[in-house]
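The values are calculated or read from the model by the stated rules, or taken from the named source; none is laboratory data. From a predicted model like this one, the values you see are computed outputs, not experimental measurements. Neighbour counts run over all protein chains shown; Cβ positions are idealised from the backbone, glycine included. These area figures cover heavy atoms from the full protein model, side chains too; ligands, DNA and RNA do not enter into them. Shrake-Rupley method; radii C 1.70, N 1.55, O 1.52, S 1.80 Å.
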Amino acid sequence: MKLKKFLALAIASVLVFALVACGNSGANDTATTNGGAETDTNGDAVAEEPTVEPGTEGTLEFWTMFTGADGVNMQAIVDAFNATNPDFTVNHRAMEANDLYMNLPLAIQSGQGIPDIAMNHVERIPVFQENGFLTDLSPMLAANGINPEDYIQKAWDMTSIGGGHYGIPLDVHSFVLYVNMDLYEEFGNGELDDDLLTWDEIFAAAPALEEAGLMAFPITWSRAIFLSMYGQLGGTLSTDGINPDFNNDAAVQVLDVWQELYNNGWSSREGDSAWEMFLGGQAMFTPEGIWMYNNVREAGMNVRMLNFPVFDVNRPGNWTSSHQFVVPTDENREEARYAAIFEFINFVGENALEWAEAGQAPAQISIRESAAFMDMPQAFLTEENAGLLIYDYKFYGYAVEALDGIFDDVRFGRMTPQEGLDRAVQQARDSIEVGGGF
């Protein structure tokens, strides 16, 4: 990529990160979705310092965004791999997703501190590939025991680009509904008899829940909630795959629901920690990512996971993404490191039940079909009707970062849904243009 274009992209990334870190990403979204999801956290993330002893040939640097509840499980897998005494041990550096997506291009362009392996969300890979940041893995897959048929097809296919292949799926993770079953036994009214919760049922249950001192529907990670609802209504981030145009009637309908919940006192208030409300027994229904299951288990709660609430029982769907192993471009990487990289990736795949223990849904079909996984609460996500709403818009990052900046202002009534969406679309367009996308 030309230096001028890269500098524009880097400047845009810094500006977007500054907006996310210092702007309107309210407390409702902080510290709830760090574990592997792409977040809009306010916190200043610091990459973990290396602690691993080098193998006989050295270490592999592995960057992830697993700073939350599921990060413990990934570190356990890394530790288990290192305990096999490989030639290259793996040093796992966890950082916030926004930091990773800013630091990785800068490292590649400077040629300094490039990791050997990184985790990317699948929706980020097309732009990284277009900019030359990722290694084409296709010539190395078969020789290193990687078979496309071993993985969920959609997650695999999304990183096959222009005749090359740029990612190896770790999981397919979704944003779902958590239900406190102890509270449901007391306050439920058959809403879950069909295993789906509708927005009409939430509104019907809300007054009684409020009277009991419970929050009807805390808003946790606004981005994933919006995309879940918008996707069920058939919404896309771009009609033509290039220009953002999500300022439409379906998006307005989603935000109208948010404002109605807030105005009635049925959703979390500005400054509330919505996920902590659920963990503290203050909410019967709460949306969150499957990657937060460790929090629930540690709290000893009686919880059930279900599909995200629906407008229409015939159109369920959860916002879904996929963590993918990528190999960042590094012209100075020694050949021996590639075999070690695949050795580690295969080890993680073979031990993916540990990843599933954190609530994740591994992408390896053999793991997903195992009896141990089928007994886990997230196993329903292997069903066809779970709805893989993976957003594959090339400029996804610009679009969702622009949306992050308006969600709180809309929900708390500081602007109308249409005003907020128009502003977000314009910001996305500006970011794409600065980044050289048009």
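Assorted remarks:
- Enumeration of residues in the stretch 63-120 that are open to solvent by less than 20 Å² (accessible area, probe 1.4 Å), touching a residue at least 60 places away in the same chain (Cβ under 8 Å) and among the small types (G, A, S): A69, A97, A107, A118
- Pairs with Cβ under 7 Å, 6+ apart, first in the stretch 290-315 and open to solvent by 50 Å² or more (accessible area, probe 1.4 Å), second assigned to a helix (DSSP H, G or I) and acidic (D, E): N302/D182
- Check on E210, out of contact with any Phe, Trp or Tyr (no Cβ under 9 Å at 6 or more places or on another chain), outside any strand (DSSP E or B) and not basic (K, R): no
- Among residues of the stretch 225-252, those that are more than 19 Å from the chain's Cα centre (by Cα), crowded, with 23+ Cβ neighbours inside 10 Å and part of a helix (DSSP H, G or I), counted: 1
- Selection within the stretch 52-77 - farther than 17 Å from W291 by Cβ and small (G, A, S): G55, G58
- Scanning the stretch 175-194 for residues that are exposed (fewer than 15 other Cβ atoms within 10 Å of the Cβ) and more than 28 Å from the chain's Cα centre (by Cα), we see that the one that is nearest to N307 (Cα to Cα) is D193.
- Residue within the stretch 318-325 that is in contact (Cβ under 8 Å) with a residue 60 or more places away in the chain, within 20 Å of D195 (Cα to Cα), in a helix (DSSP H, G or I) and under 22 Å from the mean Cα position of the chain (by Cα) present: no
- Test: G113 is assigned to a loop (DSSP other than H, G, I, E, B) and in contact with a Ser or Thr (Cβ under 7 Å, 6 or more places away or on another chain): no
- When the stretch 253-275 is filtered for residues that are charged (D, E, K, R) and part of a helix (DSSP H, G or I), the ones remaining, listed by number, are D256, E260.
- Among the criteria (1) more than 22 Å from A361 (Cα to Cα); (2) among the aromatic types (F, W, Y); (3) under 25 Å from the mean Cα position of the chain (by Cα), the one F66 does not fulfil is (1).
- For the stretch 223-248, the set of residues classified as acidic (D, E) and either touching a residue at least 24 places away in the same chain (Cβ under 8 Å) or under 15 Å from N307 (Cα atoms) (or both) consists of D245 only.
- Of the helices (runs of 4 or more DSSP H) lying entirely inside the stretch 344-428, those containing at least 1 residues that are touching a residue at least 60 places away in the same chain (Cβ under 8 Å) and crowded, with 24+ Cβ neighbours inside 10 Å are 352-356, 396-404, 407-411.
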